[in-house]
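Please read the structure below before turning to the comments.
The values are calculated or read from the model by the stated rules, or taken from the named source; none is laboratory data. Note that the coordinates shown come from a computational prediction; the quantities given were computed from them, not determined experimentally. Heads up, the Cβs are rebuilt from the backbone with ideal geometry, glycines too, and the neighbour counts pull from every protein chain shown.
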Amino acid sequence: MTTRCKSLLMFAVAVFLLFSPSAASAQALTLEESIAIALKSSYVLDIAKEGVKSAEAQKKEALTGFLPKFSTSYSYTRLNKAPYMAGLTLPTVPPTTVGPVDMGTVNNYNWVIEARQPLFTGGGILANYQAFKIAEDSAQVEETARSLDVVQDVKIAYFNILRTQRLTKTAIQQVEMLAAHCDVAENFYRVGLIPKNDMLQAEVELANGRQTLVKAKNAVESTKARLNTLLKRDVLDAVEVVDILDYQPLKQSFRECLDTARKHRPELKISTLKVEQAGKMVRAAQSEYFPAISLVGNYGRFGDSASLSGTPYKDMENWQVMAVANWDFWEWGKTKYRVDAGKARETQALDQSRELNDQIALEIQNAFLVLQEAESQIAVSKKVIEQAEENFRIAEARYKERVARSTEVLDAQTLLTRAKAEYANALADYNIAYARLQRAMGVAR
């Protein structure tokens with residue numbers, strides 16, 4: 001074996017050891033463990049959870065509309081002079097007129113506490129509360145949708161790691177076969193059985209195989225960095241995954257997948273809730289056609305000093321209860337326009353829901369067809385590997401018997417490597433397509 005061939009083979013062995021399980025310091029993660037870590041640490045889910053908290057707080061805020069409101073005020077008023085009556089005629093004989101009579105004080109302190117309980121608002125408070133309750137439900141479903149996105153992203157990253165690892169293993173095997181062929185070509189050249197050009201061609205192919213191996217190694221690191229990002233770990237952290245790259249046939253038909261999506265797809269639930277919420281907002285706007293009736297009670301204290309101890313002219317305290325009706329009966333069509341706008345938004349939400357139904361049906365069909373395509377590619381690639389292995393075995397035997405040229409061996413080796421790479425890609429594409437189909441159906445498993 002030439003020095004160049006030996007160095008290239010040593011490089012392949014070093015890369016193989018680098019990717020072997022014994023060289024990995026990190027414990028292999030299963031797909032389920034990866035998903036659990038991602039769901040726990042995802043910022044996307046944190047954002048969705050904060051959205052749920054916000055919607056819950058808004059619902060509780062709307063609930064307070066049913067409850068009495070309490071308010072208080074404390075005021076001080078100073079007059080330029082005390083109120084008085086200019087003259088008072090006493091019923092005497094003859095009548096007597098008394099000079100100015102004080103009717104109040106210069107300093108006036110007043111404290112009032114009021115309670116206001118809505119009795120009738122035309123259904124506006126109830127409709128407003130129901131709208132925010134629907135918004136909370138929508139936020140919770142949105143959180144489910146984001147969790148499904150995270151699960152899909154982890155699955156894709158996980159299977160891409162397995163893809164690149166399989167391709168790396170194929171590249172290592174390619175380098176080993178090229179190195180072995182390079183060794184045979186060197187021996188043949190030494191005894192004058194082949195021209196130097198054939199030996200150089202073998203060395204060139206071995207160098208190309210080495211470069212392919214470097215690219216495969218970088219692809220593995222890139223896909224691992226992607227998974228680390230989803231797990232919110234440092235991109236350079238060591239990560240190993242359990243190899244589950246296999247073929248499990250889909251047992252559901254297209255119609256069953258579509259029915260599952262219509263039952264579980266969170267986006268469909270959200271669109272339905274938005275239609276319902278828009279209807280409640282229309283009802284809230286229509287409530288302004290009616291008067292608002294409230295029960296109001298207040299208690300007040302008065303005085304000419306901050307102690308509110310009363311004055312000779314006014315009692316220290318008083319209270320009252322009253323029913324109050326407010327009705328804005330003419331605002332130049334303001335309420336009508338608000339109702340019309342709400343109805344338009346309701347119709348808009350309904351049309352969007354119908355459009356989303358069609359889009360999801362199309363999405364399911366596309367995902368289903370891609371899955372079937374990948375499934376057929378698996379069977380084809382598996383058969384091609386068997387044929388390519390036999391072709392390589394024959395070409396290598398013919399070359400050793402010196403009845404075939406080096407190019408035949410190299411071509412057969414290239415076909416075999418390509419067949420193995422296509423098989424690995426088909427398996428990865430199938431599993432990724434299945435993950436996308438599951439997301440389209442609105443399920444995580």
* Asked: In the stretch 411-428, how many residues are surrounded by fewer than 22 Cβ atoms within 10 Å (Cβ to Cβ) and either within 23 Å of the chain's Cα centre (by Cα) or at pLDDT below 85 (or both)?
  -> 2
* Can you give me the number of residues within the stretch 366-391 that are over 18 Å from Thr417 (Cβ atoms) and either among the aromatic types (Phe, Trp, Tyr) or out of contact with any helix residue (DSSP H, G or I) (no Cβ under 7 Å at 6 or more places or on another chain) (or both)? => 7
* Checklist (1) more than 25 Å from Ala261 (Cα to Cα); (2) in contact with a helix residue (DSSP H, G or I) (Cβ under 7 Å, 6 or more places away or on another chain); (3) among the acidic types (Asp, Glu) applied to Glu401, failing item -> (2)
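Scanning the stretch 215-261 for residues that are of a type in the set (Ser, Thr, Tyr) and part of a helix (DSSP H, G or I), which turns out farthest from the chain's Cα centre (by Cα)? Step through it out loud before you land on a result.
First, the residues of the stretch 215-261 that are of a type in the set (Ser, Thr, Tyr): 222-223, 229, 247, 253, 260.
If we keep only those that are part of a helix (DSSP H, G or I) as well, we get 222-223, 229, 260.
Working: Ser222: 23, Thr223: 21, Thr229: 15, Thr260: 20 Å.
Checking each candidate, the answer is Ser222.
Hey, among the residues in the stretch 96-134 that are of a type in the set (Ser, Thr, Tyr) and surrounded by fewer than 16 Cβ atoms within 10 Å (Cβ to Cβ), which one's nearest to Gln286 (Cα to Cα)? Outline the logic, then answer.
Step one: of the stretch 96-134, the residues of a type in the set (Ser, Thr, Tyr) are 96-97, 105, 109, 121, 129.
Next, only the ones that are surrounded by fewer than 16 Cβ atoms within 10 Å (Cβ to Cβ) stay: 96-97.
Working: Thr96: 64, Thr97: 62 Å.
Result: Thr97.
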* Would the stretch 339-346 turn up any residue that is touching a Phe, Trp or Tyr at 6+ places or on another chain (Cβ under 9 Å) and farther than 25 Å from Ala180 by Cβ? -> yes
* To do: Under 6 Å between Cβ atoms, at least 6 apart or on separate chains: pull out the pairs that start in the stretch 353-376 with a residue that is closer than 14 Å to Leu258 by Cβ and end on any residue that is of a type in the set (Lys, Arg) and assigned to a helix (DSSP H, G or I).
  => Ala367/Arg436
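Can you pull out the residues in the stretch 315-366 that are polar (S, T, N, Q), more than 33 Å from the chain's Cα centre (by Cα) and under 29 Å from Ala285 (Cα atoms)?
Of all residues in the stretch 315-366, those polar (S, T, N, Q) come to 318, 320, 326, 335, 347-348, 352-353, 357, 359, 365-366.
Then keep just the ones that are more than 33 Å from the chain's Cα centre (by Cα); that gives 318, 320, 326, 335.
Within the stretch 315-366, Asn326, Thr335 meet the criteria.
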* Asked: Restricting attention to the stretch 34-55, which residues are under 14 Å from Gln140 (Cβ atoms), in contact with a helix residue (DSSP H, G or I) (Cβ under 8 Å, 6 or more places away or on another chain) and not hydrophobic (A, V, I, L, M, F, W, C)?
  -> Lys49, Gly51, Ser54
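Each row is one residue, and each column tells you yes or no for (1) outside any helix (DSSP H, G or I); (2) under 30 Å from Leu31 (Cα atoms).
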| site | (1), (2) |
| --- | --- |
| Glu396 | no, no |
| Thr407 | no, no |
| Thr417 | no, yes |
| Ala421 | no, yes |
| Ala426 | no, yes |
| Ile432 | no, yes |
| Gln438 | no, yes |
| Ala444 | yes, yes |
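Select, from Leu356, Leu362, the only residue that is within 21 Å of Gly442 (Cβ to Cβ) and surrounded by 15 or more Cβ atoms within 10 Å (Cβ to Cβ). Please lay out each step first, then the result.
On the way: Leu362 fails: surrounded by 15 or more Cβ atoms within 10 Å (Cβ to Cβ).
Selected residue: Leu356, the only one of Leu356, Leu362 that is within 21 Å of Gly442 (Cβ to Cβ) and surrounded by 15 or more Cβ atoms within 10 Å (Cβ to Cβ).
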* Run Leu273 past the list (1) part of a strand (DSSP E or B); (2) in contact with a helix residue (DSSP H, G or I) (Cβ under 7 Å, 6 or more places away or on another chain) and report the number of the one that doesn't hold. => (1)
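Quick check: anything in the stretch 149-167 free of Cβ contacts under 8 Å to residues at least 60 places away in the same chain, within 29 Å of the chain's Cα centre (by Cα), farther than 30 Å from Ala292 by Cβ and in a helix (DSSP H, G or I)? Spell out the reasoning first.
Here is the first cut: in the stretch 149-167, the ones free of Cβ contacts under 8 Å to residues at least 60 places away in the same chain are 164.
Checking which are within 29 Å of the chain's Cα centre (by Cα) leaves us with 164.
Next, only the ones that are farther than 30 Å from Ala292 by Cβ stay: 164.
Subset that is in a helix (DSSP H, G or I): 164.
Yes; the residues of the stretch 149-167 include at least one that is free of Cβ contacts under 8 Å to residues at least 60 places away in the same chain, within 29 Å of the chain's Cα centre (by Cα), farther than 30 Å from Ala292 by Cβ and in a helix (DSSP H, G or I).
Quick check on my filter: what residues within the stretch 285-326 are under 19 Å from Asn128 (Cβ atoms) and either part of a strand (DSSP E or B) or out of contact with any helix residue (DSSP H, G or I) (no Cβ under 7 Å at 6 or more places or on another chain) (or both)?
Of the residues in the stretch 285-326, the ones under 19 Å from Asn128 (Cβ atoms) are 285-294, 326.
Matches in the stretch 285-326: Phe290, Pro291, Ala292, Ile293, Ser294, Asn326.
Looking at Asp243, Asp259, which one is among the acidic types (Asp, Glu), more than 30 Å from Ala361 (Cα to Cα) and surrounded by fewer than 20 Cβ atoms within 10 Å (Cβ to Cβ)?
Details: Asp259 fails: more than 30 Å from Ala361 (Cα to Cα).
Checking each option against the conditions leaves just Asp243.
Considering only residues that are within 48 Å of the chain's Cα centre (by Cα) and among the β-branched types (Val, Ile, Thr), look in the stretch 369-410 and name the one that is nearest to Ala180 (Cα to Cα). Even if it seems obvious, please write down each step before you answer.
First, pick out the residues of the stretch 369-410 that are within 48 Å of the chain's Cα centre (by Cα): 369-389.
Checking the rest, the ones that are also among the β-branched types (Val, Ile, Thr) come to 370, 378, 380, 384-385.
Numbers: Val370: 39, Ile378: 29, Val380: 28, Val384: 23, Ile385: 20 Å.
Filtering the stretch 369-410 for residues that are within 48 Å of the chain's Cα centre (by Cα) and among the β-branched types (Val, Ile, Thr), the one nearest to Ala180 (Cα to Cα) comes out as Ile385.
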